[in-house]
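Have a look at the structure below, then the notes.
The values are calculated or read from the model by the stated rules, or taken from the named source; none is laboratory data. Note that the structure is a prediction, hence the values are computed from the model and not measured. No Cβ is skipped: glycine too gets one built from the backbone with ideal geometry, and neighbour counts run over all protein chains shown. Heads up: the accessible areas ignore ligands, DNA and RNA and are worked out on the full protein's heavy atoms, side chains in. Shrake-Rupley method; radii C 1.70, N 1.55, O 1.52, S 1.80 Å.
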Amino acid sequence: MKTISIQVNERLPEAVVASTRLQEYCDEQGIAWTTSASAGDMPQPDLIVTLGGDGTVLRAVHAARSFTAPFLSIKFGRLGFLSGAPSDRLIEAVSAALSGAAPLEYHTLLEARVFSGTAEIARCRAVNELVLRSATTHMLTTMLAINGHAFNEVSGDGLIIATATGSTAYALSAGGPVLAPSFEGAEVVPLAPHTLTNRAIVTAPDDLLRIELPDPTRADAVLLFDGEHLELTDPVTAVEIRIAPEKLCLVKLDAHNAYRVVAREFFGLDAERETP
């Protein structure tokens with residue numbers, strides 16, 4: 001028997017209605033289903049369906065116990081970069097995903113190890129980005145090393161380390177480039193740097209990034225992953241970041257051009273418009 005996990009944004013009435021419709025469909029088809037509130041000790045689902053926007057997908061990813069099941073995002077929210085199907089094709093998309101007929105996209109994830117002195121105090125993963133920034137209004141000085149070699153010292157609000165998926169999120173608003181979704185490396189974007197010479201850089205898929213805070217008097221940094229604060233009890237002195245070995249699998253009912261999505265979401269251009 002196939003099993004799906006249904007994650008819904010309860011603040012969107014139309015998504016809640018769609019969740020009920022999906023549950024009824026599953027009952028009719030003999031498909032087992034769970035929700036975030038009832039998952040408990042249920043086995044790993046064959047498919048995770050999110051009803052909402054990109055934020056709903058991110059919450060579902062962080063709640064997942066593994067990344068073996070694909071995620072199908074049905075768009076009800078404002079942004080839909082991770083969307084796999086529109087709301088009016090919900091049942092069609094779920095059926096195609098469970099039968100293996102729907103196309104899949106694989107997205108890189110970031111993983112980070114957080115240090116306080118020599119002790120590792122936390123680990124986390126991110127779909128879009130990891131952000132190291134000051135907990136106050138003063139500047140934060142960070143030293144970036146790549147593969148053990150010092151690369152740059154930046155004073156400003158902090159640093160954003162983003163995947164290709166996250167290049168259209170916080171990193172974009174900070175002046176970073178849009179990366180092709182198939183790119184498997186990361187980008188490092190200074191956050192409000194106090195200089196005219198700092199620019200975003202793009203790293204290779206196997207690069208190890210280490211960010212250190214060289215000034216102990218200004219080391220009151222916070223770490224965010226996909227917009228969520230990482231709860232820490234000790235001060236952060238360094239963070240090591242690399243591309244995670246696992247990838248996020250997204251169901252895409254209609255394989256589409258990622259640049260069309262950017263054009264639609266940011267510039268309001270017709271997604272079907274062709275150029276000569």
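General observations
- With the highest mean first, a sort of the peptides 236-244, 174-182 on other beta-carbon atoms found within 10 angstrom per residue produces 236-244, 174-182.
- Relative contact order [Cα under 8 Å, 6+ residues apart], segment 152-239, whole percent: 24 percent
- For the peptides 82-90, 125-133, 26-34, the ranking by packing is 125-133, 82-90, 26-34, with the highest mean count of neighbouring Cβ atoms within 10 Å listed first.
- Considered as an equivalent ellipsoid built on the Cα gyration tensor, the chain has semi-axes of 36, 22, 16 Å, the largest given first.
- Overall, the accessible surface of segment 44-100 at a probe of 1.4 angstrom is composed of carbon and sulfur to the extent of 51 percent.
- For segment 1-128, the ratio of Cα radius of gyration to the globular rule of thumb 2.2 N^0.38 Å stands at 1.13.
- Ordered from largest to smallest accessible area (heavy atoms of protein chains, 1.4 Å probe), the residues ARG59, ARG65, ARG264 come out as ARG65, ARG59, ARG264.
- Packing-based order for 43-56, 183-196, using average beta carbon neighbours within 10 Å, highest first: 43-56, 183-196
- Note on LEU208 and LEU104: with the Förster distance fixed at 30 Å, the Cβ-Cβ geometry gives a FRET efficiency of about 0.60.
- Per residue, the chain exposes 49 Å² of solvent-accessible protein surface, assessed with a 1.4 angstrom probe and all protein chains in place.
- Percent carbon-and-sulfur accessible area, segment 145-228, ignoring ligands, DNA and RNA, probe 1.4 Å: 55 percent
- Taking 0.36 nm per residue of sequence separation and removing the Cα-Cα distance, the VAL178/ARG11 pair yields an extension gain of 57.1 nm.
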